[in-house]
């Protein structure tokens, strides 16, 4: 079991931090600076550059090659969050593998605190950070994840003022991929990210796959990260909405028990109706898409996402069947797990983003 006091005696690096990066050189620089200030010293950084055009990888090597144990992997094109993280995980040497977005800055105790989640807990395969909004660090971005029964997942506490309500170490559904830690042996057992997801919802798919395989996730409130929200594609990106919608459907068909899956359209309709009502009152995500043109953009993105999901369903259903040998939870146990970590319809439709 990992012991931070004896990490220098480990045959491999104790922790690997994988950063999948695409442009945003200045944010990456700040991210790497925050890693250089970590109190935990036995770690490496694997930077996977997804075809950046702003010299991000060269900057990282020039400025941080002497400060961090850094290796860089440079892709010719943007292969997506999933593929880049899989590359980084494959190259990593750590027994514990942390993921960190290039638009996130962890506090100096981040790695030390996250690593304690695995000490003496062989059932824990994932650890979740307390992620705060960078521009408003008194506000929660995510403290683990919740899910709605149609497959839409959201950060626990997203948009709430941080008043200590998430300061307890406890089990959560899965960590947000923005700032998470995984046990290597778990990833070797269940596999890495599903590259069909490309981006958004990918951490949910990996997390739910791990939970169904019997692994647990511990939330560590003292592992604090500040995150620039929506920096990848932007909150108002139609492509972002399309990917979220597509991957919601793929997640449900890949992992949901039939007792929830056949109700998916009902829950989806309820969520759309609640979202429309919230938007009329200037609340929730849809309120950011102003006017009739904005609402039509949402409708078009949702339609494109669902059509894209339909095209991938045969492949996803084959993957569902292939995962049967890994299952430790029964269908009824998966259903209870999802409903135990269910986000309310009101919170989902009115959350500030």
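The values are calculated or read from the model by the stated rules, or taken from the named source; none is laboratory data. Computed from a predicted structure; not experimentally measured. Positions of Cβ are backbone-derived with ideal geometry, glycine not excepted, and every protein chain shown enters the neighbour counts.
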Residue in the range 22-34 that is farthest from residue 61 (Cα to Cα), counting only those that are surrounded by fewer than 19 Cβ atoms within 10 Å (Cβ to Cβ) and touching a strand residue (DSSP E or B) at 6+ places or on another chain (Cβ under 6 Å): 34
Some residue of the range 102-119 being surrounded by fewer than 20 Cβ atoms within 10 Å (Cβ to Cβ) and either more than 21 Å from residue 34 (Cβ to Cβ) or not assigned by TED's automatic domain parsing to the domain that holds residue 207 (or both): yes
Test for residue 154: is it under 21 Å from residue 87 (Cβ atoms) and touching a residue at least 60 places away in the same chain (Cβ under 8 Å): no
Hits in the range 35-46 (condition: crowded, with 18+ Cβ neighbours inside 10 Å and assigned to a helix (DSSP H, G or I)): 35
Conditions (1) in contact (Cβ under 8 Å) with a residue 40 or more places away in the chain; (2) within 30 Å of residue 263 (Cβ to Cβ); (3) out of contact with any helix residue (DSSP H, G or I) (no Cβ under 9 Å at 6 or more places or on another chain); number of the one not met by residue 140: (1)
Pairs where the first residue, in the range 157-180, is at negative phi and assigned by TED's automatic domain parsing to the domain that holds residue 21 and the second is surrounded by fewer than 23 Cβ atoms within 10 Å (Cβ to Cβ) and in a loop (DSSP other than H, G, I, E, B), C-beta under 6 Å, 6+ apart: 158/351; 166/157; 173/341
Qualifying position, being in the same structural domain as residue 179 (by TED's automatic domain parsing), assigned to a helix (DSSP H, G or I) and crowded, with 24+ Cβ neighbours inside 10 Å, among 98, 84: 84
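What number of residues in the range 186-196 are over 17 Å from the mean Cα position of the chain (by Cα) and touching a residue at least 60 places away in the same chain (Cβ under 8 Å)?
Residues in the range 186-196 being over 17 Å from the mean Cα position of the chain (by Cα) and touching a residue at least 60 places away in the same chain (Cβ under 8 Å): 1 in total.
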Filter result (in contact (Cβ under 8 Å) with a residue 12 or more places away in the chain and not in a helix (DSSP H, G or I)) within the range 312-353: 323, 327, 328, 329, 341, 342, 343, 351, 352, 353
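Each row is one residue, and each column tells you yes or no for (1) at pLDDT 95 or above; (2) farther than 18 Å from residue 75 by Cβ; (3) outside the structural domain of residue 102 (by TED's automatic domain parsing).
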residue: 28; (1), (2), (3): yes, no, no
residue: 31; (1), (2), (3): yes, yes, no
residue: 36; (1), (2), (3): yes, yes, no
residue: 42; (1), (2), (3): no, yes, no
residue: 48; (1), (2), (3): yes, no, no
residue: 58; (1), (2), (3): yes, no, no
residue: 62; (1), (2), (3): yes, yes, no
Filtered residue count, the range 210-235, keeping only those that are surrounded by 17 or more Cβ atoms within 10 Å (Cβ to Cβ) and modelled with pLDDT under 95: 3
The range 47-70: number of residues that are assigned to a loop (DSSP other than H, G, I, E, B) and either in contact with a helix residue (DSSP H, G or I) (Cβ under 9 Å, 6 or more places away or on another chain) or on the phi < 0 side of the Ramachandran plot (or both): 9
Scan of the range 130-146 for residues that are part of a loop (DSSP other than H, G, I, E, B) and on the phi < 0 side of the Ramachandran plot, ordered by number: 134, 135, 143
